[in-house]
Structure formats: C-alpha cells, structure tokens
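Just below is one structure, and these are the notes that go with it.
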Amino acid sequence: MPSCLALLLAAAAVAVTAPADGASLQPAVQLVAAAGADSGEGLGCSPFVHVDLYGEALCPFTMEFITKQIAPLLPDSPFERIIKFRYIAWGNALWNSTQGGMEPACQHGPDECRLNRVINCAQRLRPAQAQWLPFVSCLASKSRKKALGSVDMCAEGTAIEADALWRCVDGPDGDALESKAAEVTAALDPPHTYVPWVVVNGIPLGGLDSQLTRIVCIAFSGIKPKACYEPPPDAAAAAALSAGGHTSAAAPAGVA
C-alpha cells in the first residue's frame, strides 16, 4: 500500500514530466486525494481523527449516539476519510466471580452482555468501518427488546456474515475480545463516569457529544469537508427564526 509520501513523489514526477498541455493528466493534489482512502492517512494525507466510543449495546444513550451522531457521518460521506471510529462495547459492565470463573454482569442484563460481544466481534471480523458500522447502526436502531433478535436480520445486506459472527461470539475469540474491551475501558484516564463516553484523539468530550461533528472538523488538520463550514443546525434555525420575526410576509395580521 503506497504511503502519502510515495503518492506525493509520484504526483510530483507526473507534474515534472507532463506534456505542455497536460489535459489528460490528473492534478497532483487529485492524485493524492484519490488514493488517500486506501492509505494509512486521511483526506489529503492528513492524520485521521480518532473517535473512540466506550459504550454498551443496550444503553439508550449509547444507541442514540450511534443513530444520531455517528450514522449520519459514516460511512458514505467525506467524513469517512477523516474519522477512524472504534466502538469498545463494555461500558459499565463488571466482572462477577462464579463457580465457573469470572463472568460479566452488564447494566442492562444478559442480552446486553451478548450484544456487546456481537459488536466487538463484528469489528474483529470486518475491521473497515464502512463494513461493520452499517450492521451496528442497524442494531442500534432497534428497540432494546428486539436488538438481540435482530442480529441475523441486520447482518443481511452488509459485509457481516451471521454464521461467522456467532462463531466468534460463542467461541474463544469472543472471550478474548470481551476481556480486551473490559481492560481498555478500565485503563481510561481519566476514568469514564457514564456512557456513552466519547474520546477524540485521546481527549474525552464530556458533555459535548452532540458537538462531535464540529469537534472533528476542528481536530482535522487537512482540507476540511464543506460541511465543516456550514453553521450548526441550531444556529441556522435561530437565524431563520430571527429573520422571520422581523420581515415575514407570510405572518398573519397581528402576529409579529
């Protein structure tokens, strides 16, 4: 896989050897941008913004974060080439000692423990976020009572193979991924105090989860998507309301 440096050198070589008209050749910056999605860097060879979600499968706030904050951004948008997203599914679970050894106790019950393993296994089987995220977004869009029963249905039409997924969930890979998720969550500094706990480039967002898009735009050092320059929806709505309150021709008589 070519590095960004190799792509830049190749683009420069093309620019130097190009004929005078150069009409059939891509500009160097386009060559770099076109290959950036397959390189170790983001758009324009700038570092990705790393967004880590520490959550749990049946937490309503975690599910809402997936459906309202992440799903609109990824995949199939310019942010796909800016964000590296990871979902560590463990959250507020704890280890309990039993006769059979240590077993997890999840905040929302056994179904959540199993779904946490499903989410971690999906990322293990299909590491590209464009492959595993549609499946996880589908699960998050279901009601808490139906999410576990929707695994096979959500796998249909995505890159996730249900049989391979269940083998992971019920096998040693599922055990290892569960232990790793618990370990990584416990190692958070500062520790998480609730879920979803969102970390951008190592920095927890605290109560600013709803501002994820703006924060990612600020954190990305490369050429930013057009969406980064658009006002937030609440600001746009306030501006429209303010303008309408002064000059709206459609307002009924007697209404300011």
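The values are calculated or read from the model by the stated rules, or taken from the named source; none is laboratory data. Just so it is clear, the structure is predicted and the values come from calculations on it, not from any experiment. We place every Cβ from the backbone using ideal geometry, glycine too, and count neighbours over all the protein chains shown.
Any residue at all in the stretch 228-251 that's at pLDDT 90 or above and either more than 12 Å from Val49 (Cβ to Cβ) or not in a helix (DSSP H, G or I) (or both)? Scanning the stretch 228-251, I find at least one residue that is at pLDDT 90 or above and either more than 12 Å from Val49 (Cβ to Cβ) or not in a helix (DSSP H, G or I) (or both), so the answer is yes. Could you tell me whether the stretch 165-176 includes any residue that is closer than 16 Å to Lys84 by Cβ, free of Cβ contacts under 8 Å to residues at least 60 places away in the same chain and surrounded by 14 or more Cβ atoms within 10 Å (Cβ to Cβ)? No, every residue in the stretch 165-176 fails to be closer than 16 Å to Lys84 by Cβ, free of Cβ contacts under 8 Å to residues at least 60 places away in the same chain and surrounded by 14 or more Cβ atoms within 10 Å (Cβ to Cβ). Among the residues of the stretch 129-141, count how many are out of contact with any Ser or Thr (no Cβ under 7 Å at 6 or more places or on another chain), small (Gly, Ala, Ser) and either closer than 18 Å to Gly55 by Cβ or modelled with pLDDT of 95 or more (or both). Here the count works out to 0. The sole residue among Ala176, Ala155 that is among the aliphatic types (A, V, I, L, M) and more than 21 Å from the chain's Cα centre (by Cα) is Ala176.
In the stretch 68-88, the residues that are farther than 14 Å from His50 by Cβ reach residues that are surrounded by fewer than 23 Cβ atoms within 10 Å (Cβ to Cβ) and among the acidic types (Asp, Glu) with C-beta atoms within less than 7 angstrom, at least six apart or across chains, in these pairs: Gln69/Asp209. Residues in the stretch 67-89 that are over 25 Å from Arg144 (Cβ atoms) and of a type in the set (Gly, Ala, Ser): Ser77 alone. Hey, Pro47 hits all of (1) over 17 Å from Gln123 (Cβ atoms); (2) in contact with a strand residue (DSSP E or B) (Cβ under 7 Å, 6 or more places away or on another chain); (3) not polar (S, T, N, Q) but one; which does it fall short on? (2) is the only condition that Pro47 fails.
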